[in-house]
1. For the range 182-218, how many residues meet the condition of being part of a loop (DSSP other than H, G, I, E, B), farther than 20 Å from Ala121 by Cα, open to solvent by 40 Å² or more (accessible area, probe 1.4 Å) and not acidic (Asp, Glu)?
2. Restricting the range 83-127 to residues that are charged (D, E, K, R) and assigned to a loop (DSSP other than H, G, I, E, B), which is least open to solvent (accessible area, probe 1.4 Å)?
3. Which one of Arg72, Arg95 is more than 14 Å from the chain's Cα centre (by Cα), at pLDDT below 85 and of a type outside the set (Gly, Ala, Ser)?
4. Name the single residue, out of those in the range 54-82 being touching a Leu at 6+ places or on another chain (Cβ under 8 Å) and closer than 17 Å to Gly124 by Cβ, that is most open to solvent (accessible area, probe 1.4 Å).
5. Please work out which one of (1) buried (at least 19 other Cβ atoms within 10 Å of the Cβ); (2) touching a residue at least 60 places away in the same chain (Cβ under 8 Å) is the condition Ala34 fails and give its number.
6. State yes or no: is Glu42 of a type in the set (D, E, K, R), open to solvent by 40 Å² or more (accessible area, probe 1.4 Å), under 18 Å from Arg200 (Cβ atoms) and assigned to a helix (DSSP H, G or I)?
7. Could you give every pair whose Cβ atoms fall below 6 Å, whose first residue belongs to the range 109-124 and is over 18 Å from Thr85 (Cβ atoms), and whose second residue is open to solvent by 30 Å² or more (accessible area, probe 1.4 Å), counting only separations of at least 6 or pairs across chains?
8. Please find, among Val76, Val52, the residue that is closer than 16 Å to Gly100 by Cα and assigned to a strand (DSSP E or B).
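The values are calculated or read from the model by the stated rules, or taken from the named source; none is laboratory data. This is a predicted model, so every value here is computed, not measured. Cβ placement follows ideal geometry from the backbone for every residue including glycine, while neighbour counts extend to all protein chains displayed. Keep in mind that these areas ignore ligands, DNA and RNA; they rest on the heavy atoms of the full protein, side chains included. Shrake-Rupley method; radii C 1.70, N 1.55, O 1.52, S 1.80 Å.
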Amino acid sequence: MTIRVLIADDQAMVRTGFGLILAAEEDIEVVAEAADGAEAVELARRHRPDVVLMDIRMPRLDGLEALRLLTRPGMVDPPRVVVVTTFDDDAYVRRALRGGAYGFLLKDAGPALLVEAVRAAASGEALISPSVTISLLRGLTAEPPAGGGPEPDPLSERERQVVVLVARGATNAEVAAALTIGVGTVKTHLTNVQRKWGARNRVEIAARAWETGLVGREAPSAGYDSARRHG
């Protein structure tokens, strides 16, 4: 299946460079290019891409607002947005992930990681540049619940185990191997966690695990590092 991609960036050279990188892949097709966020929203509605590569700082409408419009509740088959930027400010990353982004890459991440991020997003997974992942997730702190007491934990013990490994950057296959279960079972657990937590993707699951201290409460798992790919 061909992955249809829209590239949104206000620099023509960046759009051209990304286009050349992606055009070299047999399973990826660039269907449109946008020079600002407003154009990105319009072209996404017209071309229905599978994945949008979205810059943050653009004229007329910035990438984070465009992301919000493309992924707002009620949208039918919204594209999966991967934010690509020169800025690794944690506030940008948090806003992007809270807005429903399926990945966050720095523009100097390299061609291989760009292609991998597109494929990961298209398959419903997510990827964050290793250089920003650990500082982002470990910097998250829990918000105290309005009632003053701890929130009830709706997850089963197995779901918590899966979440901890995902938050440390394990792939579905690595989670399956670590817990001696099938990859399909891992996906089922993650689907259940998304429903219980109201998370849109596995990056939000990882973020919440760090926010709530779930990762810190568990014993470390050797071999997993939150700077690795979320996939």
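1. Taking the range 182-218 first, the residues part of a loop (DSSP other than H, G, I, E, B) are 182, 198-201, 212-213, 218.
Right, trim to farther than 20 Å from Ala121 by Cα and you get 182, 212-213, 218.
Now restrict to residues that are open to solvent by 40 Å² or more (accessible area, probe 1.4 Å): 212, 218.
Adding the requirement that they be not acidic (Asp, Glu) leaves 212.
Going through the range 182-218 one residue at a time, the tally reaches 1.
2. In the first step, residues of the range 83-127 are kept if they are charged (D, E, K, R); the result is 88-90, 94-95, 98, 107-108, 116, 119, 125.
This time we only want the ones that are assigned to a loop (DSSP other than H, G, I, E, B), so: 88-89, 107-108, 125.
On the way: Asp88: 84, Asp89: 79, Lys107: 49, Asp108: 129, Glu125: 34 Å².
Once the filter is applied, the top-ranked residue is Glu125.
3. Sole residue among the options that is more than 14 Å from the chain's Cα centre (by Cα), at pLDDT below 85 and of a type outside the set (Gly, Ala, Ser): Arg72.
4. Pro78
5. Going through (1) buried (at least 19 other Cβ atoms within 10 Å of the Cβ); (2) touching a residue at least 60 places away in the same chain (Cβ under 8 Å) one by one, Ala34 breaks only (2).
6. No.
7. Pairs found: Ala122/Asp50.
8. The conditions single out Val52.
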